[in-house]
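Please read the structure below before turning to the comments.
The values are calculated or read from the model by the stated rules, or taken from the named source; none is laboratory data. Bear in mind the structure is a predicted one, so any value in this text is a computation, not a measurement. Here Cβ is always computed from backbone atoms with ideal geometry, including for glycine, and neighbour counts include all displayed protein chains. SASA here: full protein model, heavy atoms, side chains in, ligands and nucleic acids out. Shrake-Rupley method; radii C 1.70, N 1.55, O 1.52, S 1.80 Å.
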Amino acid sequence: MEHQEILHRCFRCGYCKFPSNYTDINCPAYLAHRFETFSPGGRMWLLSAWLNNRIGVSQRLGRIMFSCTGCGNCVEHCAMPGFKDQILLAFTAGRDAILESGTVPGPVRDYLTRVQNAGNPYGQSGKKRADWRTGTDAADYSGQEYLFFAGDVGAYDSRGQEIARTAAALLAKAGVDFGVLTDGECSDGNDVAMAGEKALFEELAGKNIKVFIERGVKKIITLSPHSFHAFKNLYPALGGQFQVFHYTQMLAFLLGRLSFKTPVEKTRVTFHDPCFLGRHNADYQSPRTMLAFTPGIELVEMDRNRKNALCCGGGGGNLFTDMISGGDDSPARARCREAAAAGATVLAVACPACAVMLGDAVKTEGLENRLQVREVSELVVERVA
């Protein structure tokens, strides 16, 4: 197994579970289950035991390994600089080895099968991938400066479609020249890669790279931070060299082109950092710049923010497989309580997967009358004159 050599080097100090205050719990799976085996250190020791034939592969081992969301908190807070950058890579390799063994949790098997068969985790036709733009002025891609890529959640989930339409509308208002592909593209594959299905990821990436090159795409704006991460960091090794921007990175510099309504009633907003824009790509500022520029928004921070932010629990395919599962200490519910405790009435997100996870958690927590989950471009566009 790749990166096997680092497994024995973890001495289980436990820092990987915490943010910088060493008080809260920041590993999503450990927060939900409170068993050491679900922590990053526990996973490393379990993998080592399995590879040394001290334990066998089982559904329980699979559940533990696939409950990792790939949020990167362990990499950020591991005390061992000599191997911390390899922790998530080792977990991905471990999941790949478990997939090879054939003992895979049913929800993970079904998720990967849907992606394999349909090119997306919803199992829907690729011909419906651009249906989200119905009612908008988003044009077919025909050589515009940018391709707008809505991603799986933006293309097929009803809440994600709302967000895709609003972000596209705001890009258009800001004068961005973009188009949308109506056929050929498929899942970005980021969460498939995190799940360890290397061959399927390479197949998905290969299809996208081929259609992007054939259509002359040079620059891509993504709705999802997961797509942004895959295109920017994973596709180049497979021949996909594109300039990639998350939509907040574009709009943070273009809001000066817009006129805003005045006066606007003040709204207290807190921002939830998406893992694949924040910890994985070190951009904590673009969404905050959008919020700070917009009249009527008072930005307040939760205790855990930026590199210490708590993941919503949806990464690594968990939005579809629910390997973490719900409960009082599910990361999404804990995050909503934290936003309410910060005094915010709006929990702003910059990722459609986060919007789905946190939107459901607000309802489960019974906070609908105190806290709304809104995507940043939704907050901006309703204040544009």
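Could you please give the count of residues in the stretch 157-215 that are open to solvent by 10 Å² or more (accessible area, probe 1.4 Å) and under 26 Å from residue 255 (Cβ atoms)?
Of the residues in that region, 12 qualify.
Out of all the residues in the stretch 43-51, is one or more modelled with pLDDT of 95 or more, under 17 Å from residue 309 (Cβ atoms) and outside any loop (DSSP other than H, G, I, E, B)?
no
Go through the stretch 216-227 and report how many residues are among the small types (Gly, Ala, Ser), open to solvent by 10 Å² or more (accessible area, probe 1.4 Å) and assigned to a helix (DSSP H, G or I). It would help to see each step written out before you state the result.
We begin by selecting, within the stretch 216-227, every residue among the small types (Gly, Ala, Ser); these are 216, 224, 227.
From what is left, the residues that are open to solvent by 10 Å² or more (accessible area, probe 1.4 Å) are 216, 224.
Next, only the ones that are assigned to a helix (DSSP H, G or I) stay: none.
Total meeting the criteria: 0.
Looking only at the stretch 258-279, which residues are of a type outside the set (Val, Ile, Thr), out of contact with any Lys or Arg (no Cβ under 8 Å at 6 or more places or on another chain) and not in a loop (DSSP other than H, G, I, E, B)?
268, the sole residue that qualifies.
So that you can scan it fast, the table gives a plain yes or no per residue for (1) open to solvent by less than 50 Å² (accessible area, probe 1.4 Å); (2) touching a residue at least 60 places away in the same chain (Cβ under 8 Å); (3) outside any helix (DSSP H, G or I):
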| position | (1), (2), (3) |
| --- | --- |
| 71 | yes, yes, yes |
| 76 | no, yes, no |
| 79 | yes, yes, yes |
| 97 | yes, yes, no |
| 103 | yes, no, yes |
| 108 | yes, yes, no |
| 117 | no, no, no |
| 121 | yes, yes, yes |
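Kindly provide the set of residues from the stretch 312-332 that are without any contact (Cβ under 8 Å) to a residue 40 or more places away in the chain and either β-branched (Val, Ile, Thr) or buried (at least 24 other Cβ atoms within 10 Å of the Cβ) (or both), ordered by number.
332
When you scan the stretch 243-264, do you find a residue that is on the phi > 0 side of the Ramachandran plot and either more than 16 Å from the chain's Cα centre (by Cα) or modelled with pLDDT under 95 (or both), even just one? Working first, answer last.
First pass over the stretch 243-264, keeping only residues on the phi > 0 side of the Ramachandran plot: none.
No, there is no match, as no residue in the stretch 243-264 is on the phi > 0 side of the Ramachandran plot and either more than 16 Å from the chain's Cα centre (by Cα) or modelled with pLDDT under 95 (or both).
Being open to solvent by less than 60 Å² (accessible area, probe 1.4 Å) and closer than 30 Å to residue 37 by Cα is the requirement here; does residue 85 meet it?
Against the criterion (open to solvent by less than 60 Å² (accessible area, probe 1.4 Å) and closer than 30 Å to residue 37 by Cα), residue 85 does not qualify.
From 335, 288, which residue is open to solvent by less than 20 Å² (accessible area, probe 1.4 Å), touching a Cys at 6+ places or on another chain (Cβ under 9 Å) and of a type in the set (Lys, Arg)?
Matching residue, one of 335, 288: 335.
Quick check: anything in the stretch 41-60 open to solvent by 10 Å² or more (accessible area, probe 1.4 Å) and hydroxyl-bearing (Ser, Thr, Tyr)?
Scanning the stretch 41-60, I find at least one residue that is open to solvent by 10 Å² or more (accessible area, probe 1.4 Å) and hydroxyl-bearing (Ser, Thr, Tyr), so the answer is yes.
Note down all Cβ pairs under 8 Å where the first residue falls in the stretch 136-159 and is polar (S, T, N, Q), the second is crowded, with 24+ Cβ neighbours inside 10 Å and at pLDDT 95 or above, and they're at least six residues apart or on different chains.
These pairs meet every condition: 136/168.
Specify the residue that is nearest to residue 26 (Cα to Cα); the eligible residues are those in the stretch 294-311 that are in contact with a helix residue (DSSP H, G or I) (Cβ under 6 Å, 6 or more places away or on another chain) and in contact (Cβ under 8 Å) with a residue 60 or more places away in the chain.
310
Pull up the stretch 280-321, narrow it to residues that are within 11 Å of residue 69 (Cβ to Cβ) and part of a loop (DSSP other than H, G, I, E, B), then point me to the one that is farthest from the chain's Cα centre (by Cα). Working first, answer last.
Residues of the stretch 280-321 that are within 11 Å of residue 69 (Cβ to Cβ), as a first pass: 310-319, 321.
With part of a loop (DSSP other than H, G, I, E, B) added as a condition, the list becomes 310-317.
Numbers: 310: 12, 311: 9, 312: 9, 313: 9, 314: 7, 315: 5, 316: 8, 317: 9 Å.
Residue satisfying both the conditions and the ranking: 310.
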